[in-house]
Each structure stands twice: as C-alpha cells, then as structure tokens.
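The values are calculated or read from the model by the stated rules, or taken from the named source; none is laboratory data. In this text, all values refer to a predicted model and were calculated from it rather than measured experimentally. Backbone-built Cβ (ideal geometry, glycine too); neighbour counts: all protein chains shown.
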C-alpha cells in the first residue's frame with residue numbers, strides 16, 4: 001500500500017465533501033487511483049476532462065505515484 | 001520576488017505599476033479583467049474564485065518566462081484574485097513593460113490568454129436566478145477546442 005495526500009478543488013471538493021484526504025492505495029497509476037476515488041466519491045468528471053499534478057508538477061495519468069506524494073486532480077479551469 | 005501573486009484582497013495597482021517602472025522601458029501595457037454582470041446570457045450577482053496556489057504561481061512564472069523569450073519584454077507581473085468578488089471587481093491584473101509598445105501589447109495578450117488556459121483557478125458563478133455553477137472554460141492547449149472566450 002502506498003499512502004498519499006489527495007487535495008480537491010472546485011466541483012471535486014464539493015463532490016468529495018472535503019478539501020483533502022489521506023489515501024492508501026494499491027493502484028499502479030494515477031489513472032487507476034482516480035478511478036478508485038471516483039467510485040468512492042461519485043465524481044462525475046472522467047480523466048479525459050481532468051489533469052493531474054503530483055507535488056505541484058503536472059504528470060501523465062499513466063505514471064505511478066510514491067509514498068508521501070501530494071496529488072491534485074485538476075478540473076477544467078476558468079481563471080481570468 | 002515572485003512575478004505572480006494569488007491575492008485574497010483587492011490589489012493596489014499603483015504599487016504594481018511602480019514596481020515595473022524602469023528607465024529602459026518606454027512602453028507599459030496593462031490588462032484588467034473585471035467581473036461582468038452577465039455570462040452566456042445569465043445575470044451574474046457575483047462569483048467565487050479558488051486556486052491551487054502553488055501550481056498557479058509556478059505555471060504563471062512559466063508563462064511570463066515564455067513571454068520574455070518570445071517577445072523580448074523587460075518584465076511582467078500577474079495578479080489573480082481569489083475569494084468572493086462582486087460585479088465590477090478586478091479579477092485579474094497583468095502588466096508588461098518593454099522598451100517599445102508593440103512587444104508590450106503582444107506579450108500582455110499572450111499572458112492573459114495563457115493564464116485563462118493554464119492556471120489552475122476555478123470560478124463558481126452566482127446568478128440572480130437559479131443555482132450557482134462552476135464555469136468550465138478550458139483545459140489547456142491540449143483540450144482541442146478553440147471557441148472564443150469572452151471576458
């Protein structure tokens with residue numbers, strides 16, 4: 001099991017009912033971690049509509065993650 | 001000092017402007033984005049912005065580096081508000097200085113366009129009538145759509 005911190009923003013925060021959580025997972029990629037959390041929280045967005053960042057750097061969905069990482073799933077942005 | 005700020009309070013644009021002044025620069029171009037009273041035909045009463053600060057700042061710095069490289073500007077700053085904003089409030093401020101005006105205009109346009117595409121910032125609009133909603137503008141250059149974003 002790998003333990004990470006997941007942070008949520010915008011609609012993901014509302015759907016998760018929290019801004020961050022500690023997660024232990026056997027998922028072998030960021031995409032499969034999101035799939036697990038999507039099932040748990042009922043997220044409506046799929047990975048094609050999101051980006052993902054690990055420790056404040058954008059990453060590919062197929063990459064793995066490591067103990068202690070801070071992972072953020074990024075919904076479509078709307079700055080400006 | 002960081003050239004990108006995520007601000008929880010209104011910003012003093014005069015201070016920002018002064019910080020950019022330098023003797024070699026004859027051109028200063030600024031873009032301010034304000035909260036508008038309508039969006040896509042709906043009357044807006046106000047909105048909430050939230051940001052993933054750490055990544056918004058690093059990505060904003062990257063955008064300014066790109067603008068310096070592409071246009072040869074001397075310097076730039078970007079401030080984006082978070083929190084609750086009312087109609088008429090300044091949501092984003094971008095200032096660019098360069099020796100001449102042309103590169104200042106072009107770089108300013110580049111920075112605001114990229115900020116809207118790339119910074120992890122979200123906007124929840126509140127309407128005079130109906131339920132509030134998260135606005136989905138874009139997801140970076142890779143999202144494949146190219147409709148014009150107003151505002």
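Within region A:25-46, track down each residue that is within 14 Å of chain B (Cβ to nearest Cβ) and surrounded by 15 or more Cβ atoms within 10 Å (Cβ to Cβ). Working first, answer last.
Quick first cut of region A:25-46, residues within 14 Å of chain B (Cβ to nearest Cβ) only: A:43-46.
Answer for region A:25-46, where residues must be within 14 Å of chain B (Cβ to nearest Cβ) and surrounded by 15 or more Cβ atoms within 10 Å (Cβ to Cβ): A:43, A:45.
Taking the condition of being surrounded by fewer than 19 Cβ atoms within 10 Å (Cβ to Cβ), out of contact with any helix residue (DSSP H, G or I) (no Cβ under 7 Å at 6 or more places or on another chain) and in a helix (DSSP H, G or I), how many residues in region A:1-24 meet it? Number of matching residues: 3. Residues of region B:19-55 that are under 17 Å from residue B:104 (Cβ atoms) and either within 19 Å of the chain's Cα centre (by Cα) or within 14 Å of chain A (Cβ to nearest Cβ) (or both): B:19, B:20, B:28, B:29, B:30, B:31, B:32.
Evaluating residue A:78 against the criteria (1) within 14 Å of chain B (Cβ to nearest Cβ); (2) modelled with pLDDT of 95 or more; (3) more than 11 Å from the chain's Cα centre (by Cα) leaves one unmet condition, (2). Selection of region B:92-123 for residues being more than 7 Å from chain A (Cβ to nearest Cβ) and not in a helix (DSSP H, G or I) yields B:93, B:94, B:95, B:96, B:97, B:98, B:99, B:100.
Condition check: more than 14 Å from every other protein chain (Cβ to nearest Cβ), modelled with pLDDT of 95 or more, in contact with a helix residue (DSSP H, G or I) (Cβ under 7 Å, 6 or more places away or on another chain) and not in a strand (DSSP E or B). Does residue A:62 satisfy that? Before you say what the answer is, go through the steps one by one.
Values: more than 14 Å from every other protein chain (Cβ to nearest Cβ): yes; modelled with pLDDT of 95 or more: yes; in contact with a helix residue (DSSP H, G or I) (Cβ under 7 Å, 6 or more places away or on another chain): yes; not in a strand (DSSP E or B): yes.
Considered against the rule, which asks whether it is more than 14 Å from every other protein chain (Cβ to nearest Cβ), modelled with pLDDT of 95 or more, in contact with a helix residue (DSSP H, G or I) (Cβ under 7 Å, 6 or more places away or on another chain) and not in a strand (DSSP E or B), residue A:62 comes out as yes.
On the given criteria, is residue B:15 in contact (Cβ under 8 Å) with a residue 24 or more places away in the chain, more than 20 Å from residue B:99 (Cβ to Cβ) and surrounded by fewer than 16 Cβ atoms within 10 Å (Cβ to Cβ)? For residue B:15, the condition - in contact (Cβ under 8 Å) with a residue 24 or more places away in the chain, more than 20 Å from residue B:99 (Cβ to Cβ) and surrounded by fewer than 16 Cβ atoms within 10 Å (Cβ to Cβ) - is not met. Here residue A:51 passes the criteria (1) at pLDDT 95 or above; (2) surrounded by 15 or more Cβ atoms within 10 Å (Cβ to Cβ); (3) in contact with a helix residue (DSSP H, G or I) (Cβ under 8 Å, 6 or more places away or on another chain) except the one numbered (3). Here's a check for you: in region B:125-137, which residue that is within 7 Å of another protein chain (Cβ to nearest Cβ) and either surrounded by fewer than 18 Cβ atoms within 10 Å (Cβ to Cβ) or over 14 Å from the mean Cα position of the chain (by Cα) (or both) is modelled with the lowest pLDDT? It comes out as B:136.
Tell me, please, whether a residue that is in a strand (DSSP E or B) and at negative phi can be found in region B:53-70. Don't jump to the end; show me each part of the working.
Step one: list which residues in region B:53-70 are in a strand (DSSP E or B), which gives none.
No; the residues of region B:53-70 include none that is in a strand (DSSP E or B) and at negative phi.
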